[in-house]
Amino acid sequence: MRTTVALGGNSARIAQARHCAAAFLARMRTDHGVPVSQRALDVTQLVVSELVTNAQKYAPGPVTMDLRIVDDLVEVAVSDSDPTLPEARTADAGRVGQHGLEIVRAVAQAFDVQRQPVGKRVTARIALYDGAADRT
């Protein structure tokens, strides 16, 4: 169970990605009986926002988002054209902005970045329901 979305190049890209993620999880719940908690929906939309915002901010060119269900997790993967791998900065309560990867790493069960032939792919895996993280 998966979907891939090519995200538009305008300022509506982040909203489009959030909407697509919510619709995907709703389809998984209603059409396939996959248990999806409200927390999973909220966290997935947060992760999508952060990853797509980073792609929009730092990478010229197209952005794609892949969503798939893997066991008790939803996998969110955002690919862009910039080969520079992102690095989460150390926590600094006084810093304004640039906390996106810190947030993603804090709420995801797994986080991975891979170079691709063109650009990179940033992947986060999120528990679909409370307690799922304990089994991963």
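For helix 38-58, what angle does its Cα long axis make with the longest principal axis of the chain, in degrees from 0 to 90 and rounded to 10?
20 degrees
Would you work out the charge dipole size for the chain about its Cα centre, treating the Cβ of every Lys and Arg as +1 and the Cβ of every Asp and Glu as -1, and quote it to the nearest 20 debye?
Taking the Cα centre of the chain as origin, the dipole is about 240 debye.
At most 14 other C-beta atoms within 10 Å and a DSSP loop state: those are the exposed trypsin sites (Lys or Arg not before Pro) I care about. Give me the longest piece of the chain that has none.
The longest uninterrupted stretch comes out as 1-88.
For the chain, restrict the atom set to alpha-carbon positions and state the Rg and Dmax in Å.
14.5, 45
May I ask which residue of Val5, Val122, Gln45 lies farthest towards the positive end of the charge dipole of the chain, with charges of +1 (Lys, Arg) and -1 (Asp, Glu) on Cβ and the Cα centre as origin?
Val5
Gaussian network model of the chain, Cα springs within a sub-10 Å range: biggest mean-square fluctuation belongs to which of Ala124, Ala77, Ala106?
Comparing Ala124, Ala77, Ala106 in the GNM, the peak value goes to Ala106.
Tell me what the chain gives for mean residue ellipticity at 222 nm when only DSSP H runs of n ≥ 4 count, each as -39,500 (n - 2.57), the sum divided by the residue total, rounded to 500 deg cm²/dmol.
The helix contribution divided over the chain gives -12000 deg cm²/dmol.
So if each residue of separation counts as 0.36 nm, and I subtract the Cα-Cα distance between Ala6 and Arg105, what length gain in nm does that give?
33.2 nm
Quick note: the coordinates plus some simple rules give every number you see, no bench work behind them. Note that the structure is predicted; figures quoted are calculated from it, not measured. Ideal geometry is used to build each Cβ from the backbone, glycine not excepted, and the neighbour counts take in all protein chains shown.
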